[in-house]
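The values are calculated or read from the model by the stated rules, or taken from the named source; none is laboratory data. These numbers were taken from a predicted model, which means no experiment stands behind them. Here the Cβ positions follow ideal geometry from the backbone for every residue, glycine too, while neighbour counts run over all protein chains shown.
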Amino acid sequence: MSLLHYKRKPGAVLFDALNVFLFVVLTFLCVYPFYYLIINSISANDLSAAGEVYIIPLQVHLTNYRDILRLDGLYQALLVSVARTVLGSACTVLASAFLGFLFSKQNFWKRKLWYRFVVITMYFNAGLIPVYMNMHSLGLTNNFLVYILPAIVSPFNIILVKTYIESTPLSLQEAAQIDGAGVLRIFAYIILPIILPIIATILVFASVGQWNSFQDTLLYMTDSKLYTLQYTLYRYINQARMLATLIQESQSADVASDLMRQMNPTSVSMTVSVVVILPILFVYPFLQRYIVKGILIGAIKG
Amino acid sequence: MRASTKAGAIPSRRRLTSPQREGYVLFALALPFLALVFLFSYLPLWGWRYALYDYLPGFKLENCEFVGLKWFQFLVSNKTQVDEILRVLRNTFAISGLNLLTSVLPIAFAVLLNELRSDRMKRVVQTLTTLPHFIGWVLIYSMAYAIFSYNTGVFNKALLALNILDTPVNWLASGEHIWLKMCAWSVWKNIGWNAIMYLAAMAGIDQELYEAATVDGAGRFRKIWHITIPGLMPTFFVLLMMAVANFLNSGMEQYYVFQNALNQKSIEVLDLYVYNIGIGNGTIPLATVVSMLKSIVSLTLLFIVNGLSKLTRGETII
């Protein structure tokens, strides 16, 4: 190894240096926006509104995080987002595992037909407006269930589970069957433990998807009680001026005259952004672990 | 099966759970989910009938006049409408086209990342550059708003301090270069993520090829050019085909959050246009017509691309 290093030509050294430089810059570009939001949300609000905070946090304080909960609708939006993420991803995961298992059974009645019936929906879509009208006529507009029901059956996840089950030996299932175990029992006691790794992958992807979802609120919700955090953030950013008065009314008396802590539109949108980002940063290490696995299994089929 | 016929007591029990009978049970268990698929993926097709009526939001469809193909003709009948469609198509083609062109960047990213000498740095870079893929467009808009805003954003501040600008520029509001800007955000969000796919493909390349090339005296760049890049082509081809099939499906979320009065003319892609005329203006029939045509063209594209893939690679992509 050291011998190789010895022989490296100046051109190769230059290339390596430029390459390292390139990736330092790229990584910086990807990370800095996150860092920028975080340091601004904990710095003095008058400084961050003036654009003075960009390298290190100045006059650190955490009152923003306490005060945004006083904002009209934010607490509710947080609840809605958490509820849809937990319920929605639990349903998707269980349904994907179950359907993946059912479709892996050769004796499923008209298996090919029904499997195609499900998988083909990945490739066509009636279009935004017909889908919207359909939700409307099903009574799912302004209904929390619109966050959950359409996402339950996810063809891609079903393919992942089915492929995974098919790569495991059949003998365990057969042994259990001979012992008299029914379909549900085999699913719960034999299949579920085996497919845990792929379940973890799906869980992580589904929950990130639910948490980040924006378009369904935009399309189907006019009742502000059902707004999600993402949607509320979008409204905050776009209604900065209206918000400023709203905040000053809701601000507690002790900070009303304190410019450093008094919330302004900039500090509100940045603090809410950080609240939206934090859970993602939190599950990110798990994401990292399961990403490649998920992609690779998906790629076999793709 | 053979075992069950051999043993005397078992057959009656076995008949109860015969494979065929079990097959019906399996189907019955899946039925509720199949119903959901029907409700949310097939039933909307029935909504295509709105294209044939003078439908107004709030009315019952039965009370609206059946007008046949009026809205289809309307789409191409008057000059303003044709210009509108052409403008939206131009935006869609420009933005999707730029995204297609930049789809080679993740390959470059993966190849160069693989050339980094420190494994630790590789891992760190890969972890951090994937991060943007996992946040939604609203958050990206929020970041853009914070960093590029007119008088408080760090971007203007930095450019002013470096004397590149004399006066701050309102980057987000202006409609200039909006196609490039949108493409840049897409690249920022997805480059690290898409590179993972190529890194995985790279790990699958036979190491002996590299060893043989080294023996033959090939340098680093020759190995990249003659071994790595060809090794990545199958993956690239599949992704490219999918991108072509989705040429019209640019989605609306990104463009919706970045849209404003100044840039609307050049940011409105097909999906956003459908939303704006359908949900925004309530012109449901016209929006349905555009939705329909888009779905049909997309499906046709998918079949063409799939056929092409079958011809050239002997493998389908769907």
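Summary of computed values
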{"item": "Single match in A:Asn40, A:Asn19, A:Asn45 (criterion: over 24 Å from the mean Cα position of the chain (by Cα), under 22 Å from B:Leu131 (Cβ atoms) and either more than 10 Å from every other protein chain (Cβ to nearest Cβ) or of a type in the set (S, T, N, Q) (or both))", "result": "A:Asn19"}
{"item": "Tally, over the range A:49-68, of residues that are outside any helix (DSSP H, G or I) and in contact with a Pro (Cβ under 9 Å, 6 or more places away or on another chain)", "result": "0"}
{"item": "Extreme residue, nearest to B:Leu180 (Cα to Cα), among residues of the range B:274-307 that are more than 10 Å from chain A (Cβ to nearest Cβ) and part of a helix (DSSP H, G or I)", "result": "B:Asn276"}
{"item": "Residues satisfying the stated conditions in the range B:247-273, i.e. more than 10 Å from every other protein chain (Cβ to nearest Cβ) and assigned to a loop (DSSP other than H, G, I, E, B)", "result": "B:Phe247, B:Leu248, B:Ser250, B:Gln259, B:Ala261, B:Leu262, B:Asn263, B:Glu268, B:Val269"}
{"item": "Of all residues making up the range A:9-27, the number that are in contact with a helix residue (DSSP H, G or I) (Cβ under 9 Å, 6 or more places away or on another chain) and among the hydrophobic types (A, V, I, L, M, F, W, C)", "result": "7"}
{"item": "Pairs with Cβ under 8 Å, 6+ apart, first in the range A:172-185 and more than 21 Å from A:Ala97 (Cα to Cα) and within 12 Å of another protein chain (Cβ to nearest Cβ), second of a type in the set (Val, Ile, Thr) and surrounded by 15 or more Cβ atoms within 10 Å (Cβ to Cβ)", "result": "none"}
{"item": "All positions within the range B:152-190 that are closer than 30 Å to A:Trp211 by Cβ and either in a loop (DSSP other than H, G, I, E, B) or facing chain A (nearest Cβ under 9 Å) (or both)", "result": "B:Thr152, B:Gly153, B:Val154, B:Trp171, B:Leu172, B:Ala173, B:Trp188"}
{"item": "Any chance B:Gly47 is modelled with pLDDT of 90 or more and more than 12 Å from chain A (Cβ to nearest Cβ)", "result": "no"}
{"item": "Where a residue in the range B:25-45 is free of Cβ contacts under 8 Å to residues at least 24 places away in the same chain and its partner, wherever it lies, is of a type in the set (D, E, K, R), with Cβ under 8 Å and at least six apart", "result": "B:Leu26/A:Lys105; B:Phe27/A:Lys110"}
{"item": "Filter pass, B:Ser18 being surrounded by 12 or more Cβ atoms within 10 Å (Cβ to Cβ), more than 7 Å from chain A (Cβ to nearest Cβ), at pLDDT below 90 and under 19 Å from A:Ser104 (Cα atoms)", "result": "yes"}
{"item": "One residue from B:Ser103, B:Ser142 being in a helix (DSSP H, G or I) and under 21 Å from the mean Cα position of the chain (by Cα)", "result": "B:Ser103"}
{"item": "Selection within the range B:17-52 - within 30 Å of B:Val67 (Cα to Cα) and not small (Gly, Ala, Ser)", "result": "B:Phe38, B:Leu39, B:Phe40, B:Tyr42, B:Leu43, B:Pro44, B:Leu45, B:Trp46, B:Trp48, B:Arg49, B:Tyr50, B:Leu52"}
{"item": "Candidate set: the range B:141-151, residues that are out of contact with any helix residue (DSSP H, G or I) (no Cβ under 6 Å at 6 or more places or on another chain) and not small (Gly, Ala, Ser); chosen: the one nearest to A:Asn212 (Cα to Cα)", "result": "B:Tyr150"}
